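What follows is a single structure, written as structure tokens, with notes after it.
The values are calculated or read from the model by the stated rules, or taken from the named source; none is laboratory data. Only a predicted model underlies this, so the values are computations on that prediction, with no experimental measurement involved. Here the Cβ is made from the backbone with ideal geometry for all residues, glycine too, and neighbour counts use every protein chain on show. For accessibility, only protein heavy atoms count, side chains too; no ligands or nucleic acids. Shrake-Rupley method; radii C 1.70, N 1.55, O 1.52, S 1.80 Å.
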Amino acid sequence: MVPTLVYQSISSTLTSIYDWIFKTLWIIESERNNAKVDVYRKMLWPEISGKVLEIGPGFAESLRFLNHVTLNDGTFAVDPNTIHSYTALEPNPFLYSRLHANAETNGFCVHYDRKSYPECTEVDTLATRENMVPFTIVRGTLDNFDEIPQSVLDGAPYDTILTSFSLCTAKDPEATIKNIIRLLKPGGAHIFIEHVRQPPPGDPLVIEDNNVNAVLWGKIQDWLAPAWSIAGHGCYINRRTGETIAKAQGWESVDSALQQFENFKDWAYSSYWSFESKRQDERANVYRKQLWPDASGKILELGPGFSSSLKLLPHTVTNNGDYLVDPDIVHSYTALEPNPFMYEKLQQNAKENGFAVQYDSETYPEGKKLATKGLVPFTIVRGTLDNSIPQSVLDNAPYDTVITSFSLCTAEDPVTSLENIARLLKPGGTYIFIEHVLHPPKDEPLLVDGKEVNATFWRQMQKIANPLWRICGHGCEIIRETAKTIDNTPGWATVSYRYARINDNFLSYFVPMVFGKAIKQ
């Protein structure tokens, strides 16, 4: 008990010192930082309205960009008809003095939540006129829902939640974004400006009004991130916060250039895949035919695309002579696909194989009217297993079979995806996979036209080609050693696989495959 108390005391003291140092540095740095970003805040802050919650406001110098009015006495103050209340959720108490002063300067009536900050010695602002907008300073974060201060929960739902360079320091940004969605009213807005990793190739980055590609600087950010997080009070400069916000479940829309570009890429890839998928299937079905008949029970497939391989599942001939999926072997099928432009052909293929297609209303509500009849339920769910797993996928677990077919090469976090696959399988369940990979090293055989070959040269060529391939291939990484990642994922009783490559054109030399299955303990 004593060592624990000593540790907690030391930890608390160090945190206080760290907070004080950051406050001191931020007094010097904030003016320069504001000069850089205020051009973007001016575009967004006037949209803030109603009951407002700001996460990590710091000194809150940006309050001046809210809608203001000039009062009868000439005072320039926040407009009470637009802003009804303002809650500032700030974990660093050394910032409160300036935060308080800036709020008063903008005409707010400031008071402190003393439940979250019982040691508070600050004096609340006395209302000096009618209709002063209340401004509540609360100590805390949104990292953990169970630890959110009660006054923040009592104030929900909010019309607007604001984050300004705070998700880069959040201990758990995914959880924070989920909690933002929980605390917003339906139709409410999350307005944000955040430090992020340079965008990937193909995504626009504006620097002094010029579009540039910043691949090199993204890698430099990855290298600097650990040291930067220490010097920058926990700021991680290599987080892909735009993507994390866009992928969180619960938004009606995400109005950002990034999301619009992602939609365009999804559409472009589905259009390209309409032409390319047939040739890809001809290559892959040689190996799929060895694995797909083992799929049974409750099945989950990640990134099925058009799912043209459904015809390789166990089928039966009906009394009408139709060749359809066997309901005695395949009991249900969940297709977890993030690209909605794939859904039309995905649904068509499922219907042709005798499945009763339905859409998950939570992740793709616009699919309600598209349901079809059939022998086996087939649910299309929008999402991935990288981070925020859709609730319907969790509710249907455990699965008898999980399938990935050229989807781990595009997964943002293949390690997490594989860990989640193992979690979602029942004991004894089967994971079936066929994936694009890096050519195997010398000591592992590669089958080419039925013969074992050494592919050291092509292994190096893949590494050279990968940056361009990733752009053209909708995020496909051809340098991942997925077999080793599967092997290293805890929870398997057995893992078996082989490498293969079909040389039907020049580009096929760059995409060997690994295919096999793993059985959960």
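Take the solvent-accessible surface of the protein heavy atoms, probe 1.4 Å, and return the percent of it on the chain that carbon and sulfur atoms account for.
Reported share for carbon and sulfur atoms: 55 percent.
Among Met43, Tyr158, Ser309, whose Cα lies farthest out toward the positive end of the dipole of the chain, if unit charges sit on the beta carbon of Lys, Arg (+1) and Asp, Glu (-1)?
Going by the Cα projections, it comes out as Ser309.
Report His474's accessible area, 1.4 Å probe, all protein chains in place, as a number in Å² to the nearest 10.
It works out to around 60 Å².
Amide H of Leu425: which non-local residues (sequence gap of 5 or more, or other chain) have their own amide H closer than 5 Å, using H built in the peptide plane?
The list, which skips near neighbours in sequence, is Tyr399.
Charges at C-beta only: +1 for Lys and Arg, -1 for Asp and Glu. How large is the resulting dipole of the chain about its Cα centre, in Debye rounded to 20?
1160 debye
Please work out the average accessible area per residue across the chain, using the 1.4 Å probe convention, and give it in Å².
Averaged over the residues of the chain, the accessible area is 50 Å².
Sort 62-73, 284-295 by the packing proxy (mean of other Cβ within 10 Å over each peptide's residues), most packed first.
Answer by packing, highest mean first, reads 284-295, 62-73.
If you average the C-alpha positions of segment 170-202 and of segment 315-363 separately, how far apart do those two centres end up, in angstrom?
What the calculation gives is 34 Å, centre to centre.
Only Lys, Arg, Asp and Glu count, each charged at its Cβ (+1, +1, -1, -1), so figure out the dipole size of segment 417-520 about its Cα centre, rounded to 20 debye.
200 debye
Using a 1.4 Å probe and counting only protein heavy atoms, arrange Tyr236, Tyr497 so the residue with the most accessible area comes first.
On the way: Tyr236 90, Tyr497 65 Å².
Largest accessible area first, the residues go Tyr236, Tyr497.
Which one of Leu425, His439, Cys409 is farthest out on the positive end of the charge dipole of segment 373-446, using unit charges on Cβ (Lys, Arg +1; Asp, Glu -1) and the Cα centre as origin?
Leu425
Rounded to the nearest 500, what is the 222 nm mean residue ellipticity of the chain from helices alone, with -39500 (n - 2.57) per DSSP H run of 4+ residues and division by all residues?
After summing the helix terms and dividing by the residues of the chain, the value is -11000 deg cm²/dmol.
In terms of the Cα gyration tensor, with a ≥ b ≥ c the square roots of its eigenvalues, is segment 449-505 rounded because a/c is under 1.5, prolate because a/b exceeds b/c, or oblate?
It comes out oblate by the Cα gyration axes.
Leaving ligands and nucleic acids out of the surface, order Phe192, Phe506, Phe355 by accessible area at 1.4 Å, largest first.
Phe506, Phe192, Phe355
Over the heavy atoms of Trp217, what accessible area does a 1.4 Å probe trace out, to the nearest 10 Å²?
For Trp217, solvent-accessible area is about 150 Å².
Sorted by accessible area (1.4 Å probe), largest first, how do Lys247, Lys115 line up?
Lys115, Lys247
Over the Cα atoms of the chain, compute the convex hull volume and normalise it per residue, giving Å³.
Hull volume over Cα atoms, normalised by residue count, gives 189 Å³.
Leaving ligands, DNA and RNA out of it, work out the accessible area of Asp266 with a 1.4 Å probe and give it in Å² to the nearest 10.
Accessible area, nearest 10 Å²: 20 Å².
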